[in-house]
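As structure tokens, the structure follows; a few thoughts come after it.
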Amino acid sequence: GDQVEQSPSALSLHEGTGSALRCNFTTTMRAVQWFQQNSRGSLINLFYLASGTKENGRLKSTFNSKESYSTLHIRDAQLEDSGTYFCAAEEGYNVLYFGSGTKLTVEP
Amino acid sequence: EAAVTQSPRNKVAVTGGKVTLSCNQTNNHNNMYWYRQDTGHGLRLIHYSYGAGSTEKGDIPDGYKASRPSQENFSLILELATPSQTSVYFCASGAWGAQNTLYFGAGTRLSVL
């Protein structure tokens, strides 16, 4: 739906560099999840956040429910990080609204 | 490891025909979902379920029915398929309540000719 605005729609990085993806929410969300869709089309859950910041390897995600946004930071990008990244947010319980995705291309 | 299995993986159907997409999960999750993915739209929620016997409408339910006969199985039914329903369909499962991390199946690519 229109509840989640994700940016940028596409991003190109050189190996070893980093950047941030962002999702803005038009209403108060209870929690956010981030997914990576790989070249085979599989959707892999990266993070679940009800608040604050989580880090996993070269990925870090923050959710600020009060200011209605979430970010996903990628550092030291590798070729295998290429894919499409989606945020998804829960307004109530158990129903997620997805952003339109960020297509990330990591180049040598 | 969570397991969500969709079948078939690929399907070609004719306009006006009936199509059933199946999803099975072995996670013992209460919630199951059907999404479709189209270029430029991300994933859009079609139907979801809170448990056996329950189905709820998502954002784009028109032209689709859902069935949840058991905890493990959730089907998406296109009674009269149309070319506009050509898409990739994803099933997901999630636990009820606060930590509703979703686990997705591999997707079904449907072409309606």
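The values are calculated or read from the model by the stated rules, or taken from the named source; none is laboratory data. Computed from a prediction, not measured in an experiment: that's the story for all the values here. Using ideal geometry, Cβ is built from the backbone for each residue, glycine included, and neighbour counts are taken over all protein chains shown. These accessible areas exclude ligands, DNA and RNA; they are computed on the full protein's heavy atoms, side chains included. Shrake-Rupley method; radii C 1.70, N 1.55, O 1.52, S 1.80 Å.
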* **Hey, B:GLY53 out of contact with any strand residue (DSSP E or B) (no Cβ under 6 Å at 6 or more places or on another chain), modelled with pLDDT of 95 or more and not in a strand (DSSP E or B) or not** => yes
* **Number of the condition not met by B:SER87 [criteria: (1) closer than 21 Å to A:MET29 by Cβ; (2) touching a strand residue (DSSP E or B) at 6+ places or on another chain (Cβ under 8 Å)]** => (1)
* All positions within the range A:89-108 that are open to solvent by less than 20 Å² (accessible area, probe 1.4 Å), within 14 Å of chain B (Cβ to nearest Cβ) and in a strand (DSSP E or B) -> A:ALA89, A:GLU90, A:LEU96, A:PHE98, A:THR102
* Structure fact -> In the set A:PHE47, A:PHE35, A:PHE86, the lone residue that is crowded, with 20+ Cβ neighbours inside 10 Å, among the aromatic types (Phe, Trp, Tyr) and more than 19 Å from B:TYR35 (Cα to Cα) is A:PHE47
* Structure fact -> How many residues of the range A:21-32 are within 21 Å of A:GLY83 (Cα to Cα) and open to solvent by less than 40 Å² (accessible area, probe 1.4 Å)? The answer is 3
* Inside the range A:1-28, can you point out the residues that are assigned to a loop (DSSP other than H, G, I, E, B) and farther than 14 Å from A:GLU67 by Cβ? -> A:GLY1, A:ASP2, A:GLN3, A:PRO8, A:SER9, A:GLU15, A:GLY16, A:THR17, A:GLY18
* Top-ranked residue of the range B:83-99 - restricted to ones that are surrounded by fewer than 21 Cβ atoms within 10 Å (Cβ to Cβ) and within 19 Å of B:ALA52 (Cα to Cα), ranked as farthest from the other protein chains (Cβ to nearest Cβ) -> B:ALA95
* Asked: If you scan the range B:100-113, which residues turn out to be away from chain A (no Cβ under 14 Å), assigned to a strand (DSSP E or B) and either within 14 Å of A:PHE35 (Cβ to Cβ) or open to solvent by 20 Å² or more (accessible area, probe 1.4 Å) (or both)?
  -> B:SER111
* **Residue, nearest to the other protein chains (Cβ to nearest Cβ), within the range B:1-45, restricted to residues that are surrounded by 13 or more Cβ atoms within 10 Å (Cβ to Cβ) and free of Cβ contacts under 8 Å to residues at least 40 places away in the same chain** => B:GLY42
* Asked: Which ones in the range B:16-31 are within 30 Å of A:ASP2 (Cβ to Cβ) and at pLDDT 95 or above?
  -> B:VAL19, B:LEU21, B:CYS23, B:GLN25
* Within the range B:67-81, is there a residue that is open to solvent by less than 50 Å² (accessible area, probe 1.4 Å), touching a Lys or Arg at 6+ places or on another chain (Cβ under 6 Å) and in a loop (DSSP other than H, G, I, E, B)? -> no
* To do: Determine, yes or no, whether A:ARG58 is exposed (fewer than 15 other Cβ atoms within 10 Å of the Cβ), touching a strand residue (DSSP E or B) at 6+ places or on another chain (Cβ under 7 Å) and not aliphatic (A, V, I, L, M).
  => yes
* State whether the residues of the range B:57-72 include one that is more than 11 Å from chain A (Cβ to nearest Cβ) and in contact (Cβ under 8 Å) with a residue 40 or more places away in the chain. => yes
